[in-house]
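K.L.:
Before anything else, here's the structure in question.
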Amino acid sequence: MTEPVPGCALLVTATPPRWRWRDARPTSPVPSAQPTLPLLETTPVPPVDPPPAEPVSPVARLWARTVVEALNGRRPLSQLEGWFSPAQQRLLGQQSTTCRAAGGVRLSSWRAQTPRRGVIELTLTLLLPAEVRAGALSLVERDDHWTCAALALG
């Protein structure tokens, strides 16, 4: 039998008599050429906006339901005058005609987030009988009520 080399470990594989030698000696650490940077005791922390005064989910749920009702023709567009701009109302009217002709739309899911105070970004997943569509709204709080700053329906 072969004698092991000092400082090396013998590794036996599943099929003898093949032998493999593996160097078991630890390697020396490589010294760093860059010195370690000192840690600062006081690191400035950027200011964080306080959380919104009211929870996002009731507002977002209301807007998601309102869009689906408008697309199904159950909510007249005249009720949305203070909520949407005239161009956004026209887009909702056009999409409403398409959705009603296809058999109606259902809300599959929605997600809301607040990138900053007074702004809610809302995404919708809309189910039609033959396809799935997406919707996105950017809501802005103005004078104690929410208005739609941007609307996209796909």
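Every number here is computed from the coordinates shown, using simple stated rules; none is lab data. Since the model is a prediction, treat every value here as computed from it, not as a measurement. Neighbour counts are summed over all protein chains in view; Cβ atoms, including those assigned to glycine, are modelled from backbone coordinates with ideal geometry.
K.L.:
How large is the Rg to Rh ratio of the range 56-153 when both quantities use alpha carbon positions and Rh follows Kirkwood?
P.N.:
Details: Rg = 12.8 Å, Rh = 13.5 Å.
So for the range 56-153, dividing Rg by the Kirkwood Rh gives 0.95.
K.L.:
Here is a further query. Quote the charge dipole size of the range 56-153 about the Cα centre in Debye, to the nearest 20; the model charges only the Cβ of Lys and Arg (+1) and of Asp and Glu (-1).
P.N.:
On the way: 12 positive and 7 negative charges, 46 e Å.
That gives the range 56-153 a dipole magnitude of about 220 debye.
K.L.:
Right, here's the next one. What ranking do Val48, Val68 get, fewest neighbouring Cβ atoms within 10 angstrom at the top?
P.N.:
On the way: Val48 6, Val68 21.
By the 10 Å Cβ count, ascending: Val48, Val68.
K.L.:
Simple spin-label model, 7 Å along Cα-to-Cβ: Ala149 to Glu81 in nm?
P.N.:
The answer from the label model is 2.5 nm.
K.L.:
Within 15 Å, Cβ to Cβ, of Val105, how many net charges do the neighbouring residues add up to if Lys/Arg are +1 and Asp/Glu are -1? Walk me through the numbers on the way to the answer.
P.N.:
On the way: positive: Arg65, Arg74, Arg75, Arg100, Arg106, Arg133; negative: Glu69, Glu131.
Here the charged neighbours net out to +4.
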